[in-house]
1. I'd like the residue in segment B:218-259 that is more than 18 Å from residue B:141 (Cβ to Cβ) and not in a helix (DSSP H, G or I) and, out of all such residues, is farthest from the chain's Cα centre (by Cα).
2. Quick check on segment A:103-126: of everything there that is facing another protein chain (nearest Cβ under 7 Å) and not hydrophobic (A, V, I, L, M, F, W, C), which residue is surrounded by the most Cβ atoms within 10 Å (Cβ to Cβ)?
3. Residue B:144 fails exactly one of the following numbered conditions: (1) within 13 Å of residue B:225 (Cα to Cα); (2) touching a Lys or Arg at 6+ places or on another chain (Cβ under 8 Å). What is the number of that condition?
4. For segment B:35-94: of the residues being under 23 Å from the mean Cα position of the chain (by Cα) and polar (S, T, N, Q), which is modelled with the lowest pLDDT?
5. Looking at this structure, is residue B:74 within 14 Å of another protein chain (Cβ to nearest Cβ), assigned to a helix (DSSP H, G or I), touching a residue at least 40 places away in the same chain (Cβ under 8 Å) and buried (at least 24 other Cβ atoms within 10 Å of the Cβ)?
6. Just to verify a result, which residue in segment B:80-89, among those that are part of a helix (DSSP H, G or I) and surrounded by fewer than 23 Cβ atoms within 10 Å (Cβ to Cβ), is farthest from the other protein chains (Cβ to nearest Cβ)?
7. Filter segment B:90-122 for residues that are buried (at least 18 other Cβ atoms within 10 Å of the Cβ) and within 22 Å of residue A:78 (Cα to Cα); which is farthest from the other protein chains (Cβ to nearest Cβ)?
8. List every residue pair whose Cβ atoms sit under 8 Å apart, with the two residues 6 or more apart in sequence or on different chains, where the first one lies in segment B:237-259 and is within 13 Å of another protein chain (Cβ to nearest Cβ) and closer than 22 Å to residue B:149 by Cα and the second, anywhere, is acidic (Asp, Glu) and assigned to a helix (DSSP H, G or I).
Amino acid sequence: MPAIEIENLSKTYRTKKIRIEALKQINLRIDENQVFGLLGPNGAGKTTTINILSTILTPTSGKATVLGFNVANQEKEIRKRVGVCYGASRFYWNFDVYENLNFYGMLYGMNKEKRKKKIGELVERLNMKSFSKLRISDMSTGMRQKVAIAKSLINDPELIFLDEPTIGLDVEVAREVRKYMKELVKEKGVTILLTSHNMREIEIMCENIALINKGRIIREGKPNEIKSRLNFPDRIFLRLSSYKDLDFIKSLAGFKSMRLKGDGLTADFESAEEIISKLMDEMKSRNIKVLDLEIKKADLEEAFLKIVGDSNV
Amino acid sequence: MFETVMAHIYKQYKKNIKSPSDLSWIVLYPLVGLLSLGIFALFVQSEAQMNFLHFVVVGVIVWYVYAISQKAITYGLSYDIWDECLRHTFLGKSTDEDTILGNSLFGLITSAIAVLILAGVSQLLFSFNIMIAGMTLVVALIAVFIFGISIGLMINSLILTKGYDWMSLIWMTTGIIMIVSGVYYPVEVLPNPIRMVSYLFPTTYSITAIRGAAGILSANIGLNLVYAMVSSAAYLLISFLIYKKSVRKARETGALLWF
């Protein structure tokens, strides 16, 4: 059973003066027990999709099921099984961590004992002990975001929607949160739908992704497949003791192009990993010393910009 | 269901004990109202044809029961709007009925506390025991409480469908109820069109019934109680349906995500 199944889902916001089509007949299937990334520029429809799937927003047309339940008429079943974390979330400003989480635990119908145990576990796991007695208004953005993540996990959800979850977190804490999320998928079998502007994060976290732009899904698949379908080369930068007799490079497998630029040589290949040892051996046999070497893999950001650029045309 | 209802009581309790301004609604404001108007009534008493002091004390107590119960419902939503965390409440397992019940129970507890304080103070300072109204007092105040909850739900419905600007109704309606329900004067002195409006509100009948039962004026107590209860029940039913519809509408328009 897929964790999420979306068929021709549309959402149009209407006021007296304007009409905005936030989602235009999107189709998507997300299997259980994975981190799935939804990537797109601002206003693409990522948050609208999450809001519909978490039942806080109703669709205009189409169908969506979450964990086998229909968002249109089985909202209660969905709500008790999912957790939602928004970036830059706000909470009761004069409550501390415990009071906020206690309230949300009660909203999910958890009894006192269960709440106490779960809050203690989350405070420990997300390293919130040092500020657990602070009021929300006295916390830094990073601390508040940790509360948002804890709140999304309070009900032991089977499916978690993370909308820009590491926004405002410092590098170390963001890494820690990502690690925890991956552990949840591995150990507890949860499914995560992640949206992020941070393409590195999507690349690290997600097994599958969908690119969304102007309310439409424009590409779907594994991050590597999406990159390779676009034919982006891996780039090797070399600083050498000599730049003579380098034509042998053109005969290496997957060669695309090369040029001398600034203080070095830049060569593009389909896959740097496949030729790098051969390249080094050839250099050595020709008595050319490699003074500096840098490999830049084709990244999702480039792919994303290319695809979004194309879809805007 | 117990925990999801208790969640709303927990939130209100925590918010109130942390905020002197909110706590004042339950203790300080009713006392200020009772003392200022009670002392004023004491001053003009000699000129009045009836026991004006007792007349006003009944009005003040009823009005605060209305204000506190309405506040329990409207502030239940407002806390989420002011703290910009409304979406989290609607993402939980708690239903609309849980929300209404939880906030109403908090309103019931706090208005009962206010009544007890005001009854004690009026006995102590003005030698007036409102408890002599007996069961009439209980039934009439229940009708007022239900009316306060109903108006609160209607205000919340407007906020959810029309937006933040309608929040001023929270404070405006309490003033309107005070003017038209005969809190400080008999409704008979009101200009004719306003007097007609006053008969639409259960508070008018409840106040009259309690004044009658306390021997302040002659009134058909039973009839006033029936009017008060029936009209309150009608308000509650209508406001509940409107509220349910407005939450559905808010999920359509995305209003739950505005705050």
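The values are calculated or read from the model by the stated rules, or taken from the named source; none is laboratory data. The shown structure was predicted, so the numbers you read here are calculated from the model rather than taken from an experiment. So basically every Cβ, Gly included, is an ideal-geometry build from the backbone, and we count neighbours across all protein chains shown.
1. Across segment B:218-259, the extreme among qualifying residues is B:254.
2. Taking segment A:103-126 as the starting set, the residues that turn out to be facing another protein chain (nearest Cβ under 7 Å) are A:103-104, A:106-111.
Now restrict to residues that are not hydrophobic (A, V, I, L, M, F, W, C): A:104, A:108-109, A:111.
Values: A:104: 28, A:108: 23, A:109: 20, A:111: 11.
The qualifying residue surrounded by the most Cβ atoms within 10 Å (Cβ to Cβ) is A:104.
3. (2)
4. The residue in question is B:36.
5. Working: within 14 Å of another protein chain (Cβ to nearest Cβ): no; assigned to a helix (DSSP H, G or I): yes; touching a residue at least 40 places away in the same chain (Cβ under 8 Å): yes; buried (at least 24 other Cβ atoms within 10 Å of the Cβ): yes.
When the stated conditions are applied, residue B:74 does not pass them.
6. From segment B:80-89, those part of a helix (DSSP H, G or I) are B:80-82, B:86-89; that's our starting set.
Right, trim to surrounded by fewer than 23 Cβ atoms within 10 Å (Cβ to Cβ) and you get B:80-82, B:87, B:89.
Working: B:80: 8, B:81: 11, B:82: 8, B:87: 6, B:89: 7 Å.
Residue satisfying both the conditions and the ranking: B:81.
7. Here the residue is B:100.
8. B:247/B:96
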